[in-house]
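A short write-up of the structure that comes next.
The values are calculated or read from the model by the stated rules, or taken from the named source; none is laboratory data. On a predicted model such as this, the values are computed, not experimentally measured, just so you know. Cβ: placed from backbone, ideal geometry, glycine included. Neighbour counts: every protein chain shown.
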């Protein structure tokens, strides 16, 4: 899964776009974020500048699958 496919799936499922950030740009506070850092993918929840969840993945697919599962739970 890619970020583009993830975004389509989340929209199809009716997940509000203000609770996630898939680009690392724009609003990143109080939402789940997906960001490529170097050659790794990071999924984290940022609240008041503090990352409360920070999972690191080797592939975009793994990160997207994790983020999808978190948002659908």
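Out of curiosity, is residue 17 without any contact (Cβ under 8 Å) to a residue 40 or more places away in the chain and more than 13 Å from the chain's Cα centre (by Cα)? No, not satisfied. Among residues of the stretch 2-20 being touching a strand residue (DSSP E or B) at 6+ places or on another chain (Cβ under 8 Å) and under 17 Å from residue 73 (Cα atoms), the one that is surrounded by the fewest Cβ atoms within 10 Å (Cβ to Cβ) is 18.
State all residues of the stretch 37-46 that are farther than 19 Å from residue 8 by Cβ and surrounded by 12 or more Cβ atoms within 10 Å (Cβ to Cβ); if no residue qualifies, say none.
Initially, the stretch 37-46 is screened for residues farther than 19 Å from residue 8 by Cβ, giving 37-40, 42, 44-46.
Selection gives 40, 42, 44, 45, 46.
Against the conditions (1) on the phi > 0 side of the Ramachandran plot; (2) loosely packed, with under 12 Cβ neighbours inside 10 Å, residue 24 satisfies every one except (2). Restricting attention to the stretch 51-73, the residues being under 15 Å from residue 5 (Cα atoms), at pLDDT 95 or above and surrounded by 13 or more Cβ atoms within 10 Å (Cβ to Cβ) number 9.
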